[in-house]
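Okay, so here's the structure we're looking at.
The values are calculated or read from the model by the stated rules, or taken from the named source; none is laboratory data. In this text the structure is predicted, and so the values were computed from the model without any measurement. Because the Cβ atoms are built from the backbone with ideal geometry, glycine has one as well, and the counts that use them run over all protein chains shown. Just the protein is used for accessible areas: all its heavy atoms, side chains included, with ligands, DNA and RNA removed. Shrake-Rupley method; radii C 1.70, N 1.55, O 1.52, S 1.80 Å.
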Amino acid sequence: MKTEAIKLEDGHLITFTGKLDLLKTNYLRNVLLKEFRNQRVCFDLKNLTFVGSNGILHFFTTMNEAAVMGAIQFQINGLGEDFKKIVKSFNYPHLMFDFVSPTPNPTAELIEDEWLDTNPGITKPESSNP
């Protein structure tokens with residue numbers, strides 16, 4: 001597995017190429033926790049191959065843990081079609097995937113309504129549902 005990291009304006013892009021090596025997953029976690037704390041990291045996985053579902057599950061479980069431990073914001077892009085089903089079957093609350101829409105924040109409407117209540121001169125725009 002080859003990795004390449006590029007510094008972006010709003011974080012880092014890490015591109016993976018080759019076969020996912022389970023033995024390197026924990027090493028990667030340690031590097032991320034040491035070098036990328038409190039940052040945004042985008043993984044490009046389109047050139048990464050997985051041996052099987054166990055490898056990808058271990059990888060995402062480890063990255064999910066690193067997200068919590070290091071306050072790292074992970075965006076996962078380029079995951080192959082065959083593994084998207086696997087990812088959807090498991091819960092990785094601290095990872096964002098390019099094929100999964102973010103869950104709306106249920107308190108956003110409440111906060112907005114409370115703000116409007118304290119600012120009566122402003123009206124809430126009507127949402128247009130097609």
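A single entry from Ser128, Ser101 fulfils the requirement of being closer than 30 Å to Leu48 by Cβ, modelled with pLDDT under 75 and open to solvent by 80 Å² or more (accessible area, probe 1.4 Å): Ser101.
Here the condition is being in a helix (DSSP H, G or I), at pLDDT 90 or above, open to solvent by less than 90 Å² (accessible area, probe 1.4 Å) and not small (Gly, Ala, Ser); of Val41, Val31, it holds for Val31 alone. Regarding Met69, is this residue open to solvent by less than 50 Å² (accessible area, probe 1.4 Å), at pLDDT 80 or above and assigned to a helix (DSSP H, G or I)? Here the answer is no, as Met69 does not meet what is asked.
I'm checking my understanding of the structure. Among residues of region 45-64 that are under 15 Å from the mean Cα position of the chain (by Cα) and surrounded by 18 or more Cβ atoms within 10 Å (Cβ to Cβ), which one is nearest to Val31 (Cα to Cα)? Here the residue is Met63. If you go through region 1-19 and keep only what is hydrophobic (A, V, I, L, M, F, W, C) and within 18 Å of the chain's Cα centre (by Cα), you end up with Ala5, Ile6, Leu8, Leu13, Ile14, Phe16. Beta carbons closer than 7 Å, at least 6 apart along the sequence or on distinct chains, pair a first residue in region 9-28 that is open to solvent by less than 60 Å² (accessible area, probe 1.4 Å) with a second that is outside any strand (DSSP E or B) and of a type in the set (S, T, N, Q) for Gly11/Gln39; His12/Gln39; Thr25/Thr62.
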